[in-house]
Each structure stands twice: as C-alpha cells, then as structure tokens.
1. State all residues of region 58-110 that are surrounded by fewer than 18 Cβ atoms within 10 Å (Cβ to Cβ), more than 25 Å from the chain's Cα centre (by Cα) and in a loop (DSSP other than H, G, I, E, B); if no residue qualifies, say none.
2. Within region 230-259, take every residue that is free of Cβ contacts under 8 Å to residues at least 40 places away in the same chain and in a helix (DSSP H, G or I) and give me the one that is farthest from the chain's Cα centre (by Cα).
3. Among the candidates Leu144, Leu150, single out the residue that is without any contact (Cβ under 8 Å) to a residue 60 or more places away in the chain and within 15 Å of Leu247 (Cα to Cα).
4. Which of the following residues is closer than 30 Å to Phe180 by Cα, modelled with pLDDT of 70 or more and in contact with a His (Cβ under 9 Å, 6 or more places away or on another chain): Phe92, Phe104, Phe30, Phe26?
5. Can you name the residue in region 210-225 that is within 14 Å of Val190 (Cβ to Cβ) and in contact (Cβ under 8 Å) with a residue 60 or more places away in the chain and is also surrounded by the most Cβ atoms within 10 Å (Cβ to Cβ) among such residues?
6. Just to be sure I understand the filter: pairs with C-beta atoms under 9 Å, separated by 6 or more residues or on different chains, first member in region 181-204 and under 12 Å from Met102 (Cβ atoms), second member charged (D, E, K, R). Which pairs pass?
7. Across region 162-193, what is the number of residues that are over 30 Å from Met229 (Cα atoms) and buried (at least 20 other Cβ atoms within 10 Å of the Cβ)?
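The values are calculated or read from the model by the stated rules, or taken from the named source; none is laboratory data. Keep in mind the model is a prediction, meaning the values are calculated, not measured. Here the Cβ is made from the backbone with ideal geometry for all residues, glycine too, and neighbour counts use every protein chain on show.
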Amino acid sequence: MDLFAFSADSLMSFLLTLTRISLVVFLLPFFGGDYIPMLVKAALSLVLTMAVWPQLSFAGSLFPAHPWNIGVMALGELVLGLMLGLCVQFIFAGIQTGGEIMGFQMGFTMMTLADPASGNQASITSNILHMVALMVFITMNGHLHLLRALADSFTLVPPGAIHIGGPLTGDILTLSGGMFSLAVKIAAPVIAALFAVELTLALMGRAAPQMNLLTMGFPIKIAVGFFFMGLMFTTLSLYMEEIIIGLGPMFSRIMRVAAPLPGVGQ
C-alpha cells in the first residue's frame with residue numbers, strides 16, 4: 001500500500017483506524033497513564049496506526065459523511081474505549097483499595113503520596129501494591145490481551161456502532177463487584193495479623209496498665225504489617241496470574257456482547 005499516494009477511500013480508512021488505535025493509547029491503562037505526555041501519546045498512536053493499518057483497518061466507506069454522524073461515531077468510539085479501560089481499571093482499583101485498607105490498619109491514614117497514574121492522593125501501601133501489580137501485569141503479558149481485544153474489535157464492532165444492552169451492563173457490574181472481593185482477598189492476611197497484634201496489645205494493657213502501649217503499638221503494627229505484606233506478594237502474583245489468564249475470554253465475551261445487532265451498523 002503506497003503511503004504517499006492516498007486515495008480518498010484510503011485516507012478515510014486511515015482516519016478510522018487511527019481513531020480506534022487512539023483508544024489504546026489515550027484511554028486504556030498502562031498505555032494511556034497521566035504520566036505520559038500528550039505528544040508522546042499522539043506520536044505513539046500515529047506509529048501504531050501506520051504499523052497495523054495494512055493488516056487491521058476499516059473500509060473508508062464506513063466514514064460518516066454528515067458532521068452529526070461523525071460526532072456520534074466519535075462518541076461510540078469513546079464509549080468503547082472507556083468500557084475496555086474499565087475492565088482493567090477495576091483490577092487495579094481492587095488492588096489499590098486493598099492497599100488503602102492495609103494502610104488504614106497500619107496507621108498510615110495521615111501519610112499519603114501522589115499516585116502518578118491517577119494524580120490522586122493514595123497511601124504508601126496502596127502505591128506499593130499498585131506498582132507491584134503493574135509489573136506483574138506487564139511481565140505476564142497482560143498488555144498483550146488489551147491489544148488482542150483491540151484487534152478483535154476491528155472485526156466485531158464497526159466504528160461508532162457499539163451496542164450497549166443488558167448483557168454488557170451486567171458484565172461491567174459483575175467486574176465492578178469483583179473489585180471489592182479482590183480488595184478483601186488482598187488485605188485479609190494483613191488485617192488478620194494486625195487484629196492479632198491489637199488483641200495482644202489490649203491484653204498487655206489490661207495486665208500492665210503502666211506500660212505506654214500507644215507508643216509501642218505503632219512501630220509494632222507497622223513492622224508486622226510490612227512483614228505480612230511482603231509475604232503477600234506471592235499471593236498477589238497468583239491472583240494477578242489468574243486474572244490475566246481470564247482476560248482473554250473476558251475481552252472476547254465483551255467484544256461479542258458489544259457487537260451491534262444484525263442489520264445495525266452495517
């Protein structure tokens with residue numbers, strides 16, 4: 001395909017493909033974090049589009065002619081990107097929520113750091129778990145499942161023709177519920193250990209009221225919390241491995257559910 005002699009149909013095809021590829025770079029986790037400059041994202045979108053366009057592309061005839069239809073198409077692409085982004089964001093949000101629970105139990109509620117991915121304030125334990133989970137996600141090729149879902153979207157979901165129905169909404173709600181269960185699973189060992197520490201300190205306080213347990217309690221809880229959090233990294237990697245293995249079937253199901261009904265978007 002001659003890149004320097006675009007026909008009108010090829011140009012429209014390139015623009016449609018660039019719009020869909022931009023979903024990965026601007027909206028999906030890891031690719032589109034706030035810590036990546038906008039110019040870098042734009043350049044990466046263009047390079048990826050030129051790389052995959054000969055193999056993955058939309059027909060130029062699908063490009064709308066009316067400005068209103070172009071806006072509707074862009075809105076549909078935005079919804080598709082947000083939907084794919086939510087599927088993965090729920091995973092990291094569950095891990096960060098577990099880290100926030102652990103930080104609260106360890107006494108880190110007054111000490112927060114800026115999360116580079118979201119720009120919000122988060123506890124130290126939440127940042128640590130997020131970075132570990134992100135490294136595991138990349139090591140186990142979780143980002144490739146995102147690219148695979150993007151490739152499937154070219155054959156299943158035409159530009160701006162996403163179908164939002166009951167099954168798709170139910171899948172998203174199920175994933176959001178799994179975020180809280182994942183947070184509890186991650187924080188449970190540390191919560192149990194710190195509960196045992198607090199119970200021990202309470203018994204010591206009844207046996208020896210003259211001891212300053214408030215001063216002793218904080219360093220003990222922090223040490224025990226970090227010790228069990230270190231032991232929990234193996235469990236976290238196992239949870240992440242299980243989640244990443246299920247990403248492929250999950251994305252495949254969501255893409256098929258989001259595909260337009262027969263006769264729609266053709």
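1. If the condition is that a residue be surrounded by fewer than 18 Cβ atoms within 10 Å (Cβ to Cβ), more than 25 Å from the chain's Cα centre (by Cα) and in a loop (DSSP other than H, G, I, E, B), then Ala59, Pro64, Ala65, His66, Gly107, Met110 are the ones that fit.
2. To start, the set of residues in region 230-259 that are free of Cβ contacts under 8 Å to residues at least 40 places away in the same chain comprises 230, 234, 238, 242, 245-246, 249.
Then drop every residue that is not in a helix (DSSP H, G or I), which leaves 230, 234, 238, 242, 245, 249.
Details: Gly230: 23, Thr234: 20, Leu238: 18, Glu242: 15, Ile245: 15, Pro249: 16 Å.
By that ranking, first place goes to Gly230.
3. Numbers: Leu150 fails: without any contact (Cβ under 8 Å) to a residue 60 or more places away in the chain.
Checking each option against the conditions leaves just Leu144.
4. Values: Phe104 fails: in contact with a His (Cβ under 9 Å, 6 or more places away or on another chain); Phe30 fails: modelled with pLDDT of 70 or more; Phe26 fails: in contact with a His (Cβ under 9 Å, 6 or more places away or on another chain).
It is Phe92.
5. Initial filter on region 210-225 (within 14 Å of Val190 (Cβ to Cβ)): 220-225.
Narrowing further to those that are in contact (Cβ under 8 Å) with a residue 60 or more places away in the chain: 221-222, 225.
Numbers: Lys221: 19, Ile222: 14, Gly225: 22.
Across region 210-225, the extreme among qualifying residues is Gly225.
6. Ala183/Glu100; Ala187/Glu100; Leu194/Lys221
7. Within region 162-193, the subset over 30 Å from Met229 (Cα atoms) is 162-171.
Retained after the next criterion (residues that are buried (at least 20 other Cβ atoms within 10 Å of the Cβ)): 162.
Of the residues in that region, 1 qualify.
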